[in-house]
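Below you'll find the structure, written out as structure tokens, and then a few comments.
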Amino acid sequence: MLWSLLAVPVVSAAVLYVLYHWLIPTAVQSSGWLALLWHDVILERVLNIMTGSSRPQRMLKAVQKNATKGDPQSVISAIDHYCRHKEWAMNVGDDKGLILDSVLTEVNPSTALELGTYCGYSTVRIARLLSPGSKLITVEFNPAFAEVARQIIAYAGLQDKVTVVEGPSGDLIPKMKERFGIRYFDFVFLDHWKDRYVPDTKLLEDCGLLKKGTVLLADNVICPGAPEYLKYVRNSAHYESRYYKSNLEYTKVEDGLEKSVFLG
């Protein structure tokens, strides 16, 4: 009886595993919608059932096993290796991460905001490059993601540079000045729900959290895509925008980052 109950999910998982390692990789690597469907819908759910854990929890274990405590670069490398060779995840990734690093170094922000913490990968990338005394606030809607992110950030030794805030970005942005004593942000990284890019950008403007020269960097503007955001920043007299072509994290699918400088 027990075997009959287990047979279907076990066989299904085995078939999916074979598909993943032998038949799917080429198609997934070249098709954006297939990559997201396979990794974010099918495979993640199968692995959650098989392991009894979530993808963020598995990423945390990979960091704890393979990274050096207090070494941000080793944490980044551990996550990149896990996501490229074991299980895909929607971090900004190693290719686009270099673009993020370059833009951030150019801006050298005193105050930075990240919308969409997820597991803390990009948070670590950003925080490790901040000058002493600089502040990064990162916003995450999902409490389970935020909890894993806090542990990964702490493992990297960056907890004193980062404040993780849980809740909807639309509710939290208007409270930034009062709650954190922020006058404005020098740098904003948008990597949360794509349909929130435009409303949250407008909210940052309305709340006076952008100053002349503030740089907004938006991820995944091609895959899964943020067409309304691109239309907004590229056609607004308040922004000067540039597209940085790259690849969807850990694939060969085109994606990129949009850098927009607020002109006031």
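Some values worked out for this structure:
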{"quantity": "Ranked packing of 101-108, 185-192, most packed first, by mean Cβ within 10 Å", "calculated": "185-192, 101-108"}
{"quantity": "Under 27 Å from Lys177, Cα to Cα: lysines that are on another chain or at least 8 residues apart", "calculated": "Lys135, Lys161, Lys194, Lys202, Lys211, Lys212, Lys259"}
{"quantity": "Distance between modelled label sites at Lys231 and Ser54, nm, 7 Å Cα→Cβ extension", "calculated": "3.3 nm"}
{"quantity": "Extension gain (nm, one decimal) between Glu240 and Thr68, 0.36 nm per residue minus Cα-Cα", "calculated": "57.9 nm"}
{"quantity": "Distant-in-sequence amide H partners of Lys135 (H built 1.01 Å from N, under 5 Å)", "calculated": "Thr111, Ala112"}
{"quantity": "Carbon plus sulfur fraction of accessible area for the range 94-262, probe 1.4 Å, in percent", "calculated": "50 percent"}
{"quantity": "Accessible surface, the range 94-262, averaged per residue in Å² (probe 1.4 Å)", "calculated": "42 Å²"}
{"quantity": "Interchain or long-range residues, amide H under 5 Å from Asn91's placed H", "calculated": "none"}
{"quantity": "At R0 = 30 Å, FRET efficiency that the Cβ-Cβ distance of Lys86 and Glu106 yields, to 0.05", "calculated": "0.35"}
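The values are calculated or read from the model by the stated rules, or taken from the named source; none is laboratory data. If you're wondering where the values come from, they're calculated on a predicted model, not measured in any experiment. Heads up, the Cβs are rebuilt from the backbone with ideal geometry, glycines too, and the neighbour counts pull from every protein chain shown. Accessible surface is based on the protein model in full, side chains and every heavy atom, while ligands, DNA and RNA are left aside. Shrake-Rupley method; radii C 1.70, N 1.55, O 1.52, S 1.80 Å.
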